[in-house]
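Novice: Please see the structure below; I have some questions.
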Amino acid sequence: MTPEPKDDFQEELVIRPLHSGDIYASFQFRTLWETDFTRGDKESHYRLFPKSLGQVISKFSVRELHISFTQGHWRTMQWGQPFLPSPPGAELWVWFQDSVTDVDGMWKELSNVLSGIFCASLNFIDSTNTVQPSASFKPLGISNVTDHRFLRYATLPREIVCTENLTPWKKLLPCGSKAGLAVLLKSEKLFHSSFHSQAVHIRPVCQDWQCKTTSWELRQALNVVFDLHTSGQGKREWTLFKMFSRTVTEACPLASSSKIYVDITDNPQGEQFELSPASHLLSQAVVLGDRRTFSVYDLTQQVTFGTVRSLNLLIRWKSSEGDMLRPLLHAERYVAGYGLQTGEIHTVMYNNHPYRSFPVLLLDSVPWYLRLYIHTLTVTSKGKDNKPSYIHYQPSKDRVRPHLLEMLVQLPPNSVTEVKVQFERALLKWTEYTPDPNHGFYVGSSVISSLVPSIVAMDTNSTLDRPLFSSFFPCKEESSYFVRIYTEPLLVNLPTPDFSMPYNVICLTCTVVAVGYGSLYNLLTRSFQIEEPSPGLAKRIANIIRKMRGVPPL
């Protein structure tokens, strides 16, 4: 008898119609492998788990790895909360094993390797944009290592996401982009959207409730929001072909589960939109503290594709009425002030719960060239001071490390809490400016983590068979669920020298040197000789005539 394979692969697509007419699609692919990368002997046979990432985990003693590439900003008030949040640009945070002695050296080498794997600019991660959060980023897997000395977090808010990042991401899938849901990942359509995010999460998880056996989980997520007006048609209807220019014809042969979920919670009787072909298989799941209902399409069953052997879902809106439920937690950030010397960073957090207050953990990583005046830090809620119960601040060092500010703030019910801190802009060396300094300098998003009160009871058993989109963040309490949101990145102008002046000076100096030195060189090297002028043509003709007549020449 052949032993059962110790690895498993699942894929799913969640489609959420939005009241604005836009549509949100979330792909999740999970690969489980019952192995141990931390042991001395290395794995030599890889079946479903990508070998490139397995070697990275083993070589760099990685406990958890989370990386994301995002283009656009998630509009929480219009789209609700995403299944897996991510900030604009590139984000990387890693937990190392407690056996690592030189964490900074390992972190630098790991970022360079990941830069090559994903064809990204992660090699620009260094000490000037890396921080060690003390409370904001806890392990999402088996958390036996919680010493923040082994944690590193960095963002590149200016990172541009394009096809060269998507291609290596798709190659990590067992079926690539040849079969299953991955055939829908066409870059031409994905990047012609309002929001696009792709992520890779690696962590150890428990196989059973008592956690007697553990496995390594690789979760690849891709979120995209298609805009109704940029689609080119303007009709309030969507199909798989309209979104991705392709349809689904089969599941990945290596997948044990392949499903498509369509959120029909706000459409119980079909009065909001029409869904075809209809599915008789319904499923309920607790997502972000709310019980949602989904139509399920199982791609492993041939009856799902019908006689045409192709699945092209159609969502046609019937009514534009209805309001989406506002998220309980929302945040935004902006820069205030005028001039190029001082300014003020405002972070605004909204608690939309009518009667419950809850704490939030705010993390801010500010570059060293924005010198924070931490004594000007103020937190106000409903016009009154709101003293944080926990503050961790690490000051910056010029050209060495950024500012790190973490604080725990209690948000009153139905309130707006504002965090303000003043800063002063530093003068950079002329070699430290970017190629387009007048565009401005990006400051990474603030990270807000919180346990938000849940409407329904949450399931605390993470080993039960649940949809992938509802089982990423571990849940320890039935009355609350974990939420992490990101604010907008900031674009700050710094005092910028006139870079055209060196060009003008060089041109003027070269001109003066060429004229002055050229004239002096000619005077010093030229030899002057007296030369008789040659006679003119008339004089030569007259001399010839005079010679013929025997008269002396003129």
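The values are calculated or read from the model by the stated rules, or taken from the named source; none is laboratory data. Please read these numbers as outputs of a predicted model, since none were measured by experiment. Cβ: placed from backbone, ideal geometry, glycine included. Neighbour counts: every protein chain shown. All accessible areas refer to the heavy atoms of the entire protein, side chains included, with ligands and DNA or RNA removed. Shrake-Rupley method; radii C 1.70, N 1.55, O 1.52, S 1.80 Å.
Novice: Only residues that are of a type outside the set (A, V, I, L, M, F, W, C), assigned to a loop (DSSP other than H, G, I, E, B), under 17 Å from W216 (Cα atoms) and at pLDDT 75 or above: list them for segment 1-47, please.
Specialist: Within segment 1-47, K6, E34, T35, D36, H45, Y46, R47 qualify.
For (1) within 30 Å of I260 (Cβ to Cβ); (2) assigned by the TED database to the domain that holds Y334; (3) free of Cβ contacts under 8 Å to residues at least 40 places away in the same chain; (4) among the aromatic types (F, W, Y), each residue gets a yes or a no:
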position: Y24; (1), (2), (3), (4): yes, no, no, yes
position: R30; (1), (2), (3), (4): yes, no, no, no
position: P50; (1), (2), (3), (4): yes, no, no, no
position: L65; (1), (2), (3), (4): yes, no, no, no
position: P82; (1), (2), (3), (4): yes, no, no, no
position: D98; (1), (2), (3), (4): no, no, no, no
position: I117; (1), (2), (3), (4): yes, no, no, no
position: S121; (1), (2), (3), (4): no, no, yes, no
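Novice: Tally the residues that are of a type in the set (F, W, Y) and either closer than 30 Å to P17 by Cβ or part of a loop (DSSP other than H, G, I, E, B) (or both), restricting the search to segment 74-100.
Specialist: Number of matching residues: 3.
Novice: Suppose we keep only residues that are hydroxyl-bearing (S, T, Y) and without any contact (Cβ under 8 Å) to a residue 12 or more places away in the chain within segment 133-189. Which one would you say is farthest from L363 (Cα to Cα)?
Specialist: Within segment 133-189, the subset hydroxyl-bearing (S, T, Y) is 134, 136, 143, 146, 153, 155, 163, 167, 177, 187.
So of that shortlist, the ones also without any contact (Cβ under 8 Å) to a residue 12 or more places away in the chain come out as 143, 146, 177.
Details: S143: 21, T146: 18, S177: 37 Å.
Filtering segment 133-189 for residues that are hydroxyl-bearing (S, T, Y) and without any contact (Cβ under 8 Å) to a residue 12 or more places away in the chain, the one farthest from L363 (Cα to Cα) comes out as S177.
Novice: So how many residues does segment 146-174 have that are buried (at least 22 other Cβ atoms within 10 Å of the Cβ), touching a Leu at 6+ places or on another chain (Cβ under 7 Å) and either of a type outside the set (A, V, I, L, M) or within 21 Å of K259 (Cβ to Cβ) (or both)?
Specialist: So the answer is 0.
Novice: Among the residues of segment 404-446, what is the count of those that are in contact with a Pro (Cβ under 7 Å, 6 or more places away or on another chain), open to solvent by 50 Å² or more (accessible area, probe 1.4 Å) and either within 26 Å of S127 (Cβ to Cβ) or not assigned by the TED database to the domain that holds M349 (or both)?
Specialist: Looking only at that region, the number is 3.
Novice: Just checking, how many residues over segment 48-60 are out of contact with any Phe, Trp or Tyr (no Cβ under 6 Å at 6 or more places or on another chain) and assigned to a loop (DSSP other than H, G, I, E, B)?
Specialist: The total comes to 2.
Novice: Pick out, from segment 144-245, the strands (runs of 3 or more DSSP E) lying fully within it that include 2 or more residues that are polar (S, T, N, Q).
Specialist: Hits in segment 144-245: 195-206, 214-226.
Novice: Restricting attention to segment 101-126, and to residues there that are assigned to a helix (DSSP H, G or I) and among the acidic types (D, E), which single residue is nearest to P367 (Cα to Cα)?
Specialist: D104
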